[in-house]
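The structure appears below as structure tokens.
Taken together, the values in this text are just the output of simple stated rules run on the coordinates, not laboratory data. Note that this is a predicted model, so its numbers are computed, not measured. Cβ atoms come from the backbone with ideal geometry, glycine included; neighbour counts cover every protein chain shown.
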Amino acid sequence: MAEQNRNIRKEIKEKMQQEPLQVNLGKFVERYPVLRAAAMENAGDVEALREAIKKMKADTVNRIEEIADRFEAEATKRGVNVFRAANGEEVVRYILELAGRHGAKKVVKSKSMATEEIDLTRHLREHGFQVCESDMGEWIIDLAHHRPSHMVLPAIHLSRFQVSELFSKEMGREIQPDISYMIHSARDYLRKDFLNADIGITGANVGIAETGTIVLVTNEGNARFATTLPRIHVVLMGYEKLVPKITDAGLILRMLPRAATGQLLTSYTTLIGGPTPVMVQREGRWVEETREMHVILLDNNRLKAANDARFKEVYQCIRCGSCLNVCPVYGIVGGHVFGGHTYAGGIGAILTALISGMSDFEKFHELCIGCYRCTEVCPGKIDIPGLIEELRVRAVKEKGLPFITRQLFDNVMANRKVFHSLLRAASVAMKPLASGTNKTLIRHLPLFFSGLAKDRSLPAIAERPFRDRAADVIKRPENPIGRAAFFSGCTMDFVLPDTGESIVKVLQDVGYEVVFPMGQTCCGKPVSAMGDLETTRKIARINLEAFEQVQADVIISGCPTCVETLESYGELLKDDPKWRDTAAAFSAKVREFSSFVAGEYEKQGRMQKTTGGPSVTYHDSCHLKRVLGVYTEPRRLIEAAGCELREMKDPDKCCGMAGVFGLKYTELSMKILGQKMQNIKDTGAEIVACACSGCMVQIQGGLDKQVPNVRMKHVADILAESIERRKNNP
């Protein structure tokens with residue numbers, strides 16, 4: 001199933017130029033959060049519901065074989081034929097044999113991602129079957145010869161004008177691009193296929209083991225036609241659709257429509273517990289016969305995932321597609337680019353790896369920017385970015401890294417002196433290109449590099465990094481309340497040293513003695529994100545050795561990504577007897593700057609809202625808000641510094657940096673950044689603040705090119721300025 005010879009950059013460019021796709025996705029991703037929020041208002045305790053779904057599904061996967069046995073036994077009691085298929089080939093063979101016994105040749109299908117996964121429609125047509133896709137979206141993409149672009153909305157990438165052309169060609173008459181008229185025309189046209197079908201094929205949203213019942217959730221009546229008119233009903237569902245009890249199905253039904261489309265309920269919820277009588281015409285008269293119902297449980301590597309301690313988590317997916325609905329990248333390119341053979345988005349990357357194989361996964365997994373918006377809305381609370389990183393780790397273990405990357409990691413990233421020497425050399429090399437205040441920005445690049453600096457300025461390596469300034473700015477306070485070790489991270493050390501100075505000043509102002517271990521290096525995130533944990537461990541040991549020498553009470557960083565990585569050292573080195581205890585103690589001391597300072601301000605009675613400062617809008621770093629759970633503290637600090645806080649639209653939507661992604665996929669990064677620039681501009685604020693050095697680099701570059709009258713500052717910079725104002729105006 002692997003997609004061969006994909007040129008992902010070419011695909012991105014093509015999709016970004018397709019107006020119908022851009023308009024449709026743009027409107028949908030704008031409306032979805034509003035619809036979802038409204039639908040969740042009367043859902044009760046949404047977080048408790050999500051937690052209940054997660055727990056139920058996690059329990060189910062731990063007993064999946066037992067629950068499958070129970071489902072089969074109960075369904076069989078009710079006259080259902082249950083078949084367990086190891087793969088798509090067995091599904092096709094079973095249906096062909098079934099059709100052969102009954103002389104069946106006409107099939108009507110309702111929506112089913114499992115059938116898409118195994119290319120069932122294509123296989124049946126190749127064997128001479130007449131197959132009608134009856135779900136409106138599936139029928140549209142079938143006519144267009146496309147793959148689904150979304151789990152729930154397969155034809156979201158097409159406009160009504162494109163659909164009217166498809167309908168006109170298929171029906172042999174002009175179909176006007178009026179949506180209501182097109183729907184009615186399609187219903188009339190498809191009615192004959194329902195009436196003449198020998199076999200109806202459906203998927204299932206849920207399979208209830210307690211009763212042997214399947215549940216179908218749809219917004220069209222086609223599924224009920226497909227299950228009641230043909231004399232044979234075939235259900236294809238993956239093992240992940242099984243739940244133990246009918247009350248468990250209730251949990252999913254409460255969340256699925258709300259999460260998928262922002263509806264309280266779908267139009268049709270159908271429970272089918274076995275075959276029912278059917279009227280058929282025999283020798284000119286209608287007679288009652290027993291319908292046949294067949295349920296095919298599809299494995300296709302699902303049981304392998306169920307027995308994987310890490311990837312059993314994918315069973316918590318209820319196939320709502322909400323993760324796609326909030327994904328910044330999916331909202332630009334859709335599922336045909338950000339997707340594999342069948343499934344799209346971050347969850348699609350994981351399912352593709354498990355079902356279709358790593359070769360397909362490797363074509364598009366980098367499009368996940370790790371912003372964690374998907375985890376906020378996922379009904380099953382799946383750690384989608386975390387699972388993608390785990391797949392990268394396994395890929396490196398199996399295949400290794402490309403030669404150049406391997407050499408870079410081994411000889412540069414894992415060697416602090418070489419790494420820092422190269423950064424210093426880069427500072428010198430960049431001088432002819434640097435411009436702006438203190439030569440901090442690169443506004444233009446030559447030749448084929450020019451696109452990198454088209455809509456944003458790039459950061460220049462500082463002539464004098466923070467480590468060279470540390471001795472000048474670090475002063476021991478009288479009677480310090482503790483010792484804080486400052487972990488700068490690469491960006492704050494070599495690109496934003498002024499902000500590094502601000503962090504030190506603020507920590508000293510709240511009464512801490514600050515130390516800066518000169519032996520520190522990169523936190524290791526760029527390496528671990530590529531799946532190379534062995535080199536990450538080497539980097540971790542360098543930092544542990546450096547910080548062990550200063551014996552600090554806390555370790556402070558102004559970069560949330562660094563904080564997340566430093567906190568992981570204990571887990572990363574848990575099997576290393578020499579460093580295990582040191583790593584655990586180190587991780588326990590790590591604190592994120594803004595939340596730490598907010599705590600100190602609270603203790604000292606300094607968190608009151610004041611006035612007199614500039615107007616500021618705040619950007620939530622993805623990792624700060626969604627991984628570390630910090631979002632109120634920076635805002636309160638901004639107001640405590642006397643600034644007027646003006647909230648922007650979508651403050652927690654990614655800025656498009658995402659590490660290497662921002663350089664490798666420039667067009668996507670700039671599109672995401674452009675949305676952020678507009679939201680900042682609309683506030684009319686003088687300053688945009690954040691608490692993340694990576695976001696600072698991206699947003700500062702965008703402001704320089706697109707909104708030059710607005711300044712970029714770290715929360716630490718704002719606090720440091722307020723300290724100076726206080727000193728000058730006691």
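The table for this structure:
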read-out	value
Long pairs among K381/K649; K77/K111; K57/K106, criterion Cα-Cα beyond 31 Å	K57/K106
Listed residues G659, T617, T683: farthest to the positive end of the dipole of the stretch 578-730 (Cβ charges)	G659
Cβ crowding within 10 Å averaged over residues, with 648-654, 526-532, 426-432 ranked highest first	526-532, 648-654, 426-432
Inter-label distance for E11 and T610, nm, one decimal - labels placed 7 Å from Cα along Cα-to-Cβ	5.4 nm
Selection from N301, S722, A640 lying farthest towards where the dipole of the chain points positive, charges on Cβ	S722
Greater than 25 Å apart at Cα, pairs in K525/K664; K538/K589; K589/K664; K15/K653; K13/K664	K589/K664
Cβ-Cβ FRET estimate between R394 and A48, R0 fixed at 30 Å, reported to 0.05	0.35
Restraint check, K417/K625; K27/K681; K55/K578, Cα-Cα greater than 25 Å	K417/K625; K55/K578
Principal axes of the stretch 269-318: Cα extent on each, largest first, Å	59, 23, 12
Per-residue HN-Hα couplings for the stretch 174-182 [Karplus 6.51, -1.76, 1.60; θ = phi - 60°; Hz; x = Gly/Pro]	6, 10, 5, x, 9, 4, 4, 5, 5
Loop-located GluC sites (Glu not before Pro) in the stretch 255-323, at most 15 other Cβ atoms within 10 Å (DSSP)	E283
Quotient of C-alpha Rg and 2.2 N^0.38 Å, computed over the chain	1.07
Cβ-derived FRET efficiency at R0 25 Å, V660 paired with D383, nearest 0.05	0.75
Span from the the stretch 387-414 Cα centroid across to the the stretch 481-540 one, whole angstrom	23 Å
Computed lengthening from T290 to V412, 0.36 nm per intervening residue step minus Cα-Cα distance	36.7 nm
Residues R101, R483 arranged by fewest to most Cβ contacts within 10 Å	R101, R483
Residue order, fewest to most surrounding Cβ atoms within 10 angstrom, among V495, V46, V688, V287	V287, V46, V495, V688
Qualifying trypsin sites (Lys or Arg not before Pro) for the stretch 536-594 [loop in DSSP, other Cβ within 10 Å: at most 15]	K574, K578
Alpha-carbon radius of gyration plus Dmax, which is the widest Cα pair, for the stretch 300-352 in Å	11.8, 35
Listed peptides 106-114, 638-646 by packing density, highest first (mean Cβ within 10 Å)	106-114, 638-646
Residues K192, K505, sorted so that the one with the fewest Cβ neighbours within 10 Å comes first	K192, K505
Part-to-part distance (alpha-carbon centres) for the stretch 245-262 and the stretch 317-359, which is given in Å	21 Å
Förster-model FRET efficiency, 41 Å R0, R125 and K245, C-beta, rounded to 0.05	0.60
As computed over the stretch 608-728, the Cα convex hull volume per residue (Å³)	96 Å³
Prolate/oblate/rounded label for the stretch 51-131 (Cα gyration tensor, a/c 1.5)	prolate
Mean residue ellipticity (222 nm) of the chain, computed from DSSP H runs ≥ 4 via -39,500 (n - 2.57), nearest 500	-15000 deg cm²/dmol
Acute angle (nearest 10 degrees) that the helix 533-548 long axis makes with the longest principal axis of the chain, alpha-carbon atoms	30 degrees
